[in-house]
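The values are calculated or read from the model by the stated rules, or taken from the named source; none is laboratory data. This one's a predicted model, so the numbers in the text were calculated from it and none came from an experiment. Positions of Cβ are generated from backbone atoms using ideal geometry, with glycine treated the same way; all protein chains shown enter the neighbour counts.
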Amino acid sequence: MRNSSVPGQVVAGLLVDSPDPAGLHDWYDVVLGTGSADPESGGHGTVVIVVDDLREIVNRLFDLRAPVVRPLDVRDGQLTVTVGDPDGNPVLLLESASIETTTAA
């Protein structure tokens, strides 16, 4: 998998269940620029991704009409949002700056 096109963000891997792996792969590529990971592999679980600019990602998700599971919020000093991917897998996004601020305190 190549590095994401979103500055400061690295996606090490995504392992989610899908009846349409290729379509789901394309969705993640649009949102995160995840590149050419094998769209035929899959699993089950919540995807957790740390990003530099959560608001930028939220704007992309809004454009794609991604369902919001938990709205943009600050929880325990971390800016977070949880959305559903096209197959309903929960995707928890955390902003890295809020994590660094929390751990530095």
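The set of residues in the stretch 14-42 that are modelled with pLDDT under 80 and surrounded by fewer than 11 Cβ atoms within 10 Å (Cβ to Cβ) comprises SER36, ASP38, GLU40.
Taking residues in the stretch 51-70 that are more than 12 Å from LEU94 (Cα to Cα), and partners anywhere that are assigned to a helix (DSSP H, G or I) and among the polar types (S, T, N, Q), not one pair has Cβ atoms closer than 8 Å while being at least 6 places apart or on different chains.
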